[in-house]
Amino acid sequence: MENPCGVATGVGLTALVVAAFRAVETEGHDPLFHDRFAARFVRAANTPKPLPTSPEQIDRDEHRALFRFAADGVALRTRYLDDYLTATDARQVVILGAGLDTRAFRLDWPQDCTVFELDQIPVLDFKQQVLDQADAQARCDRRTVAIDLREDWAGALVNAGFDRTRPAAWLAEGLLPYLSPSAEESLFDLVDELSVAGSSIAVWAIAQDACDADRRLSTMYAAFGVDINKVMNTEPRRNIMEYLSSLGWAVTGSTMSELASRYNRPSSVSRRRMTLFTARYSF
Ligand SMILES: C[S@@+](CC[C@H](N)C(=O)[O-])C[C@H]1O[C@@H](n2cnc3c(N)ncnc32)[C@H](O)[C@@H]1O
């Protein structure tokens, strides 16, 4: 696709890289999920340095160990978060920094469920073009909200039909490393303000105490021609699990090794800098 509206540059490219690893998982043996759109996104973006879309492409690459590590991590978190959303009773789901997440098309949603996807205009525009070309049909009432999450996204979400009197299931997957500490805190303050009893959130992030971008992540992005340190915010920030607990959310953390054994994907590589948790709001 000619000029994919900026998805292949800056922070938008991170969504494409996640899609590449979802494509790899989908093509692999005994996949944890099927994302039939992931490879389409990667092909449509036509990045200067090609991204892998199959295990064979990974195996041929000089960075194979790193790519396999990243692909495994994306697969585990994707499946875990699929399970989280599939289990929710909430009838409104909000995906913050949705990128090229296709859960609105992949998962079995209750008939009356609304899924809101929030991300930047170029990413959502590109996504829509590819989905339209694939004649993709959402399996829920899917609503996109094109906005910078440092702006008044809560107002835009309510304008798009979010009902603040009903429980919601929130998702922030791979988003926090790109926000400043204050933007991250405001994000959770707003999630808290918009949530009523029965709401929940799931978050995947690089560990909050990280003071510099994960070296493996930097090397991987460099292989795709991107300086991830330019888009990641590495300023010290408060522990968001503790922060949500202080606001009254019941937080449960999961380690990546727990997920690896739950989904039978043993990995010898440490993922200590990664954080995954769900939290329920029950006041
Ligand atoms: C690594 S991707 C993850 C995408 C998706 N959650 C997933 O896991 O497939 C990060 C996403 O966050 C979005 N993002 C980062 N900062 C943002 C901001 N300030 N406002 C809106 N979206 C943002 C990017 O555009 C990108 O799509």
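Leu96: touching a Lys or Arg at 6+ places or on another chain (Cβ under 6 Å) and either within 12 Å of the ligand (Cβ to nearest atom) or of a type in the set (Asp, Glu) (or both), yes or no? So Leu96 does not fit the description; no.
Screening Phe67 on (1) open to solvent by 10 Å² or more (accessible area, probe 1.4 Å); (2) more than 15 Å from the ligand (Cβ to nearest atom); (3) over 20 Å from Trp170 (Cβ atoms) shows it passes everything except condition (1).
Please indicate, with yes or no, whether at least one residue in the range 10-18 is at negative phi, buried (at least 21 other Cβ atoms within 10 Å of the Cβ) and away from the ligand (no atom under 11 Å from the Cβ). Scanning the range 10-18, I find no residue that is at negative phi, buried (at least 21 other Cβ atoms within 10 Å of the Cβ) and away from the ligand (no atom under 11 Å from the Cβ), so the answer is no.
Residues that are buried (at least 20 other Cβ atoms within 10 Å of the Cβ) and closer than 17 Å to Ala39 by Cα within the range 107-131 comprise Val123, Leu124, Phe126, Lys127, Val130, Leu131, listed in sequence order.
Among the residues examined, Ser218 does not qualify as touching a Lys or Arg at 6+ places or on another chain (Cβ under 8 Å), of a type in the set (Gly, Ala, Ser) and open to solvent by less than 40 Å² (accessible area, probe 1.4 Å).
Looking across the range 99-129, the residues that are more than 14 Å from the ligand (Cβ to nearest atom) and either among the acidic types (Asp, Glu) or in contact with a helix residue (DSSP H, G or I) (Cβ under 8 Å, 6 or more places away or on another chain) (or both) come down to Asp108, Asp112, Gln129. Among residues of the range 146-171 that are modelled with pLDDT of 95 or more, those with a beta-carbon under 7 Å from a residue that is within 15 Å of the ligand (Cβ to nearest atom) and open to solvent by 90 Å² or more (accessible area, probe 1.4 Å) at least six positions away or on a different chain give the pairs Ala146/Ile121.
Only residues that are farther than 20 Å from Leu81 by Cβ and either among the polar types (S, T, N, Q) or open to solvent by less than 20 Å² (accessible area, probe 1.4 Å) (or both) were counted in the range 163-196, giving 5.
State all residues of the range 132-150 that are more than 16 Å from the ligand (Cβ to nearest atom), charged (D, E, K, R) and either surrounded by 16 or more Cβ atoms within 10 Å (Cβ to Cβ) or within 20 Å of the chain's Cα centre (by Cα) (or both); if no residue qualifies, say none. Once the filter is applied, which keeps residues that are more than 16 Å from the ligand (Cβ to nearest atom), charged (D, E, K, R) and either surrounded by 16 or more Cβ atoms within 10 Å (Cβ to Cβ) or within 20 Å of the chain's Cα centre (by Cα) (or both), the range 132-150 yields Arg139, Asp141.
The values are calculated or read from the model by the stated rules, or taken from the named source; none is laboratory data. Source: prediction; values computed, not measured. When we count neighbours, we look across all protein chains shown, and the Cβ atoms used for this are built from the backbone with ideal geometry, even at glycine. Just so you know, the surface numbers come from the protein's heavy atoms only, side chains and all, with ligands and any DNA or RNA stripped out. Shrake-Rupley method; radii C 1.70, N 1.55, O 1.52, S 1.80 Å.
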